[in-house]
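Before any comments, here is the structure.
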Amino acid sequence: MVFDKKAYMKIYNKGYKKKPKHKVKMKEYYKKHKETILEYGKKWKIDNEERVKIQNRIWLENNRTRHNKNIKEWDKKHPKIKKAHNKSRYIKIPKGKMCEECGKRLAVEKHHKDYDKPLEVVFLCLECHKKKYKRGG
């Protein structure tokens, strides 16, 4: 009798068509502890800021064409936002301008409340600008 490797592997792998139990358990664990895991990830990124920058730089060097493609796709999906950003590029943040949201820190970024009005921008600090996007506004 000749050993038929294909037939053997077909029988051998039959039981492995299902997802391995550990992957199912990992998904369940993630669903249960999602907030804790995300919080830990944020803390790790803050604690290892330099390492994250290096990893991002390496990724960008290895995936330049993919990155450029993603940017072009985003521009096509969001023409209003792209147009507003291009028009407001020449609006300078006045020196010494404080954040219009909190008033505690210097304004370093511009935010559009309405992309249909590209020249109407609000000057915000980095923290307040991040909060605006987390809230969806």
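The values are calculated or read from the model by the stated rules, or taken from the named source; none is laboratory data. None of the values given here were measured: they were computed from a predicted structure. Backbone-built Cβ (ideal geometry, glycine too); neighbour counts: all protein chains shown.
Considering only the range 115-134, how many residues are surrounded by 18 or more Cβ atoms within 10 Å (Cβ to Cβ) and in a strand (DSSP E or B)? Working first, answer last.
Restricting attention to the range 115-134, the residues satisfying the condition of being surrounded by 18 or more Cβ atoms within 10 Å (Cβ to Cβ) are 118, 121, 123-125, 128-129.
With in a strand (DSSP E or B) added as a condition, the list becomes 121, 123-124.
So the count comes out to 3.
Would you mind stating whether Gly103 is surrounded by 10 or more Cβ atoms within 10 Å (Cβ to Cβ), on the phi > 0 side of the Ramachandran plot and either out of contact with any Pro (no Cβ under 7 Å at 6 or more places or on another chain) or of a type in the set (Gly, Ala, Ser) (or both)?
So Gly103 fits the description; yes.
Based on what the data block shows, is Lys83 modelled with pLDDT of 95 or more, basic (Lys, Arg) and closer than 30 Å to Glu120 by Cα?
no
The rows are residues; the columns are (1) in a helix (DSSP H, G or I); (2) of a type in the set (Asp, Glu); (3) more than 17 Å from the chain's Cα centre (by Cα).
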{"site": "Asn70", "(1), (2), (3)": "yes, no, no"}
{"site": "Ala84", "(1), (2), (3)": "yes, no, yes"}
{"site": "Lys87", "(1), (2), (3)": "yes, no, yes"}
{"site": "Lys92", "(1), (2), (3)": "no, no, yes"}
